[in-house]
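All remarks here apply to the structure that follows.
Read-outs throughout are calculated quantities, based only on the coordinates presented, and are distinct from any laboratory measurement. Small disclaimer: the values here were computed from a predicted structure and weren't measured. With ideal geometry, Cβ positions are generated from the backbone for all residues, glycine too; neighbour counts draw on all protein chains shown.
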């Protein structure tokens, strides 16, 4: 091994954990994630020294390779409703670590969400996971999925719409409004117990920082964890305000700091509880929300059809 190839152990383990997480979200199986990562590293060491030397960003190359292997598995013709990784009952019930795949990772991704992701096409699932779960740059997502950036944006949008349809049950605008206002009040009062009661037990929150702010990089799962993440994000501050506002035709929340919109939050409702929370923190996506209102324009400050439109 050339000294130039030496890498700190922390970086090595972080790189491997990242690849395992990508593969797990793509496939929904710890064992298949481990298999994908093993194959990825075999391909890396199958390269000549000269070929590896020309790769300026090994972590990106590895992620792209792992993503391609996952796409190949997802696209298999015999893929069942439960995915190409259908496990035996014994394996499916196990959450033990598998060669470095932490049991906590499986706990972070609810089976409900995994089942919903499985209904997506391979390209939709890849675009959604890489963009929304791991916050990869659009050009990187396009490179891995093998589509143009605009096509990947549309794939991710379709995936979000599909997830919303699956997790949401029909509610009237008034019912949605009452629930959104109750969530707002719980956040303003920093009432964790009330907020948790307004969320489905398997609620999931997605945070889109776009790599422009230090937002959570992975979805948060579970009523208690989602409630905690929202209360932390919206912690009381003299210069911060939280108000209800129409977001995509339904009541959502707008968090402002010094009158500038800092976060747009929308909800998917299932029955009388919130099933999914979508938080847009990316300054680029909030730019239109911070433009001066045009008199007579009912759509002013609505914001673009970004993550809040899921």
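Which FRET efficiency value, to the nearest 0.05, do you get for residue 55 and residue 182 by plugging their Cβ-Cβ distance into 1/(1 + (r/R0)^6) with R0 = 45 Å? The pair residue 55/residue 182 has a calculated efficiency of 0.30. For the listed peptides 145-156, 197-208, a ranking on the average number of other beta carbons within 10 Å per residue, highest first, reads 197-208, 145-156.
Projected onto their three principal axes, the Cα atoms of region 170-309 cover extents of 41, 34, 27 Å, largest first. Rounded, prolate or oblate for region 255-294? Axes are the square roots of the Cα gyration tensor eigenvalues, ordered a ≥ b ≥ c, and the cut-off for rounded is a/c under 1.5. Cα axes put region 255-294 in the prolate bin.
Highest average first, the peptides 226-235, 209-218 ordered by how many other beta carbon atoms sit within 10 Å of their residues are 226-235, 209-218.
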